[in-house]
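Step one of this worksheet: look at the structure below.
Every read-out reported here was derived from the displayed coordinates using simple, explicitly stated rules and does not represent laboratory data. Every value quoted in this text rests on a predicted model; they were computed, and no experiment measured them. Glycine gets a Cβ as well: all are built from the backbone with ideal geometry, and neighbour counts include every protein chain shown.
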Amino acid sequence: MKELVSCLERGIAARRLICPEGDQFEEIEMGERLVGQGRRVQAVLSRGIRFLHRLDIEQYQLARGMDAYIFGQREVVLPTSEVITPSDVEQQLEEPWIVYGWREPDSEEIERRQMRRQRTLADVRCLRARLRAEGITFEQHLETELRDQKEAMLKVLGDVQSALETGTEPHLETIRKYATLVGIPLRIWKDKGGNPPTLEGLFRFMESDAYRSLPYLQIRAHLWADILTGGAEIEQGDVMDIEHLGAVLPYAAVVVTDRRMRNRIRRLGLDHRYNTTVFAMADIDELLRTLESL
């Protein structure tokens with residue numbers, strides 16, 4: 001690890017590399033060990049440059065896809081400069097001081113996150129058991145994953161409607177899901193001039209190639225379809241890995257993940273599709289040579 005950090009520091013100092021911070025802090029905090037050290041390494045390597053949060057990247061891509069659909073564009077350009085901050089990377093690298101702060105979660109917050117992760121992992125394992133029992137193939141479930149956002153939207157709409165009809169207050173988690181899954185996409189659709197400016201119009205867009213080709217959707221759909229129809233054991237970190245990779249894979253020249261996810265990405269051809277090179281720490285020698293050559 002020290003050799004990798006030194007290699008990155010040389011590349012950053014020579015202006016050959018940037019190492020934007022992503023959402024890795026969530027995994028660092030969940031690990032509970034070496035949180036301060038992990039944060040300091042992030043601060044040094046990122047130099048204050050970071051990717052937007054993965055949900056912001058998703059919404060950015062969604063807006064560009066809507067533009068293509070509404071105005072009949074045949075090509076969508078998604079420059080890296082639009083999903084990292086600050087946008088003026090060169091000026092940021094010249095800054096002599098970087099102010100980097102964070103709030104460490106307390107034990108109760110970490111426990112809540114761990115419980116959510118355990119529930120999610122249990123749900124995913126149950127889903128895979130059912131899919132395998134039914135003989136669902138990768139191709140079949142890939143199509144399901146590409147439609148999953150619409151199904152999730154319909155479910156949360158039903159939950160909200162049920163609460164309103166019974167005169168009960170929707171659960172806070174339901175409100176959060178409604179805002180993320182329905183409220184924000186519908187607002188973007190209306191702001192873009194989508195026609196009709198309703199859920200019906202938004203759902204039509206979500207059936208189009210302009211939507212189904214969005215990188216975050218394609219990456220997540222392929223990885224989930226592979227995990228849920230494959231034979232490899234599902235590990236706790238897989239869920240968050242898919243979220244992170246769906247956001248940054250199209251924008252990074254080099255990505256480092258675990259060995260199983262590296263193999264999965266390569267086998268699915270996602271590295272070639274999005275013009276990136278994916279390594280695991282087991283590939284340290286090849287990784288260092290690649291970084292030195294950039």
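Once amide H atoms are placed 1.01 Å from N in the peptide plane, what residues at a sequence separation of 5 or more from R50, or on another chain, have their amide H within under 5 Å of its amide H?
E21, T85
If each DSSP helix of 4+ residues adds -39,500 (n - 2.57) and the sum is divided by the residues in the chain, what number results at 222 nm, nearest 500 deg cm²/dmol?
-19500 deg cm²/dmol
What's the extension gain from Q236 to V254 if we count 0.36 nm per residue and subtract their Cα-Cα distance?
4.1 nm
I'd like the distance separating the alpha-carbon centroids of segment 50-75 and segment 179-235, in whole Å.
Value for the Cα centre distance between the two parts: 11 Å.
With θ taken as phi - 60° and the coefficients 6.51, -1.76 and 1.60, list the Karplus ³J(HN,Hα) couplings across segment 185-195 in order, rounded to whole Hz; mark glycine and proline as x.
Values per residue, Gly and Pro as x: x, 5, 5, 4, 4, 5, 4, 7, x, x, 10 Hz.
Calculated FRET efficiency, I175 and L127, Cβ-Cβ r, R0 25 Å, to nearest 0.05?
It comes to 0.50.
Going by average Cβ neighbours within 10 Å, how do the peptides 198-207, 115-124, 237-246 rank, with the highest at the top?
Packing proxy ranking, top to bottom: 237-246, 198-207, 115-124.
E139: net charge of surrounding residues, Cβ under 12 Å, Lys/Arg +1, Asp/Glu -1, itself excluded?
That sum, taken over residues with Cβ under 12 Å, equals -3.
Find how much the distance from K150 to R266 grows on full extension, using 0.36 nm per residue of separation minus their present alpha carbon separation; answer in nm with one decimal.
Fully extending the segment from K150 to R266 adds 38.9 nm.
Non-local amide H neighbours of V254 (under 5 Å, H modeled in plane, Pro and chain starts lacking H): which ones?
Sorted by chain and number, the residues that satisfy this are T277.
Step through the residues of segment 271-288 one at a time and calculate ³J(HN,Hα) from phi using the Karplus curve (6.51 cos²θ - 1.76 cosθ + 1.60, θ = phi - 60°), rounding each to whole Hz and writing x for Gly and Pro.
With the stated coefficients, segment 271-288 comes to 5, 5, 4, 10, 6, 9, 10, 10, 10, 10, 5, 5, 9, 3, 5, 5, 4, 4 Hz.
Apply the Karplus parameterisation 6.51 cos²θ - 1.76 cosθ + 1.60, with θ equal to phi minus 60°, to every residue of segment 253-267 and state each ³J(HN,Hα) to the nearest whole Hz, in sequence, with x for glycine and proline.
6, 9, 10, 10, 9, 7, 4, 5, 6, 4, 4, 5, 4, 5, 5
Over all directions, average the projected area of the Cα convex hull of segment 37-171 and note it in nm².
Reported value for the Cα convex hull: 14.5 nm².
Which order do the peptides 252-264, 142-154 take when ranked by the mean count of other beta-carbon atoms within 10 Å per residue, highest first?
The peptides rank, most packed first, as 252-264, 142-154.
If you average the sequence gap of Cα pairs under 8 Å that are 6 or more apart and divide by the length of the chain, what percent do you get for the contact order?
21
As a test of the definition: which semi-axes, in Å, follow for segment 2-293 when you take the square root of five times each eigenvalue of its alpha carbon gyration tensor? Largest first, please.
33, 24, 22
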